[in-house]
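A quick write-up on the structure given underneath.
Each reported figure results from applying straightforward, stated rules to the coordinates on display, with no laboratory input. Here the structure is a predicted model, which is why all the values come from computation and not from measurement. Here the Cβ positions follow ideal geometry from the backbone for every residue, glycine too, while neighbour counts run over all protein chains shown.
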Amino acid sequence: MPKRQNDVKQEREEKMKVLWFSRHKMTPEQMEALRAKVGEFELVQISKTINSAFELKDEVEECDVIAIVAPINIQSQFLKIAGDKPVITALSRRELIKKEDGEDEVKFVFEKWQRIEKIEVVMSDFC
């Protein structure tokens, strides 16, 4: 089994490369939390639509940390490609904010990064 990177800060001269797969820009809060964990880094954002994470195999291989916003099937593919590299996703809480017109607006507030360790489907008899 490959050695796991628990602490991804590395003693090296060049910055770590973080792949950010999302259609949104990484927020300042997300960047600050990631910087606290890995140090200074180069952000490589990919915001295109894909059918499979395997389309980004080369990009994943070039990066040290893989940060994603993706459906569970794509998350599972990123885990396979990344090997022992951390695959992480942002945990955010949802807040409803009243607008002047009385309507509610949803705001997502970043809380922390979480490492995706494993994805599995467990089934049992229903009838």
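A protection proxy built from the mean count of other Cβ atoms within 10 Å ranks the segments 108-119, 32-43, 80-91, most packed first, as 80-91, 32-43, 108-119. Expressed to the nearest 5 percent, the antiparallel share of DSSP beta bridges inside the chain is 50 percent.
When the distances between all Cα atoms of the chain are binned every 10 Å from zero, what whole-number percent does each bin get? In whole percents, the pair-distance histogram is 11, 38, 30, 14, 6, 1.
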